[in-house]
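Data first, discussion second: the structure below is written as structure tokens.
The values are calculated or read from the model by the stated rules, or taken from the named source; none is laboratory data. Fair warning: this is a prediction, and the values are worked out from it, not measured in the lab. Here the Cβ is made from the backbone with ideal geometry for all residues, glycine too, and neighbour counts use every protein chain on show.
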């Protein structure tokens, strides 16, 4: 088999590009863009509301309830903003870098992700749990025993669910990093 | 900035090449290749304002496509299953003889072997040979991958030799 035959063999494949309609691609791209804008708007509004609440209300009536609530929301907001930022940066590099540089960037990116996964995320989860723990005495006083138990159990299950999702993505990223480094 | 009409033209011109490039990265898995191809063109449209014309539009599109394939977190399949739809057409005319069947079987087997061998290459060499097989000009390949033109020529000849050896010997 000579050199040219390699190209011949490659071209012999049926051309099944199953072409999408370019208009559908534009529609999908616009949808993706819009959902990104919506997410950023929701996040920004949450941060704004949190700031307004903290500065104009919570600081005047400061108690452990407000502290707990603030800890929960800030840890969650911080982690989500970090996630958006790292995804945004990765996408920017994807469209501007040559393969060689992007490959090197991906290695750095997933190494940095390990720091986020193993240091930043656990801290955020710990702060979130601590905030939730501070709220519990208030819930116990204000709500019925049944509803309090419901909040407690659903809170624990939500945390287990979120942790499972995070662990799954950590495993995936670790495997990919190993693949990149091999 | 790229208009809808220009995007349609760009898509019609490059989609099949991008799709086959993705196929090589996806070890012949057509579903994944279609997804990557679509994702690459979605990014082309989304970031069309970022295209400043420093390189050709072709280079920019191939860069995006290669990087989309490179960055997918999915585990590479150990067993390569080339979709039957991609293999040479088996519907022979009535007057075709057994020799044609043998040729088709041989080509099918070689295409499967080729995917298997491409899969063994490192990420950069895989990009180089896939772009070369799509007859992309070498200057565009060099810019897409980010290596010097001289290096590219030497590298391509080495990759071709090792691919041929692998297809023949299965190693």
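When residue A:123 is evaluated against the numbered criteria (1) farther than 30 Å from residue A:99 by Cα; (2) over 21 Å from the mean Cα position of the chain (by Cα), which criterion, by number, is the only one it fails?
(2)
What's the number of the only condition in (1) surrounded by fewer than 21 Cβ atoms within 10 Å (Cβ to Cβ); (2) at the interface with another protein chain (Cβ under 9 Å from one of its Cβ atoms) that residue B:13 fails to meet?
The number of the failed condition is (2).
Since residue B:21 meets every condition but one in (1) within 10 Å of the chain's Cα centre (by Cα); (2) touching a residue at least 60 places away in the same chain (Cβ under 8 Å); (3) facing chain A (nearest Cβ under 7 Å), which condition does it not meet?
(3)
Considering only the stretch B:148-163, state which residues are surrounded by fewer than 18 Cβ atoms within 10 Å (Cβ to Cβ) and either outside any helix (DSSP H, G or I) or at the interface with chain A (Cβ under 7 Å from one of its Cβ atoms) (or both).
B:148
Would you check if residue A:54 is more than 14 Å from chain B (Cβ to nearest Cβ), buried (at least 16 other Cβ atoms within 10 Å of the Cβ) and either under 16 Å from the mean Cα position of the chain (by Cα) or without any contact (Cβ under 8 Å) to a residue 12 or more places away in the chain (or both)?
So residue A:54 does not fit the description; no.
Just to verify a result, which residue in the stretch A:1-42, among those that are more than 7 Å from chain B (Cβ to nearest Cβ) and outside any helix (DSSP H, G or I), is modelled with the lowest pLDDT?
A:2
When you check residue B:143 against the structure, is it surrounded by fewer than 20 Cβ atoms within 10 Å (Cβ to Cβ) and within 11 Å of chain A (Cβ to nearest Cβ), yes or no?
no
Please tell me if residue A:79 is more than 30 Å from residue B:149 (Cβ to Cβ), facing chain B (nearest Cβ under 7 Å) and in a helix (DSSP H, G or I).
no
Answer yes or no: is there a residue in the stretch B:35-44 that is more than 8 Å from every other protein chain (Cβ to nearest Cβ), out of contact with any helix residue (DSSP H, G or I) (no Cβ under 7 Å at 6 or more places or on another chain), surrounded by fewer than 21 Cβ atoms within 10 Å (Cβ to Cβ) and closer than 30 Å to residue B:112 by Cβ.
So far as the stretch B:35-44 goes, yes, one or more of its residues are more than 8 Å from every other protein chain (Cβ to nearest Cβ), out of contact with any helix residue (DSSP H, G or I) (no Cβ under 7 Å at 6 or more places or on another chain), surrounded by fewer than 21 Cβ atoms within 10 Å (Cβ to Cβ) and closer than 30 Å to residue B:112 by Cβ.
Quick grid of which residues meet (1) out of contact with any strand residue (DSSP E or B) (no Cβ under 7 Å at 6 or more places or on another chain); (2) closer than 24 Å to residue A:174 by Cα; (3) modelled with pLDDT under 85; (4) in a helix (DSSP H, G or I):
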| site | (1), (2), (3), (4) |
| --- | --- |
| B:15 | yes, no, no, yes |
| B:34 | yes, no, no, yes |
| B:39 | yes, yes, no, yes |
| B:49 | yes, no, no, yes |
| B:78 | yes, yes, yes, no |
| B:81 | yes, no, yes, no |
| B:93 | yes, no, yes, no |
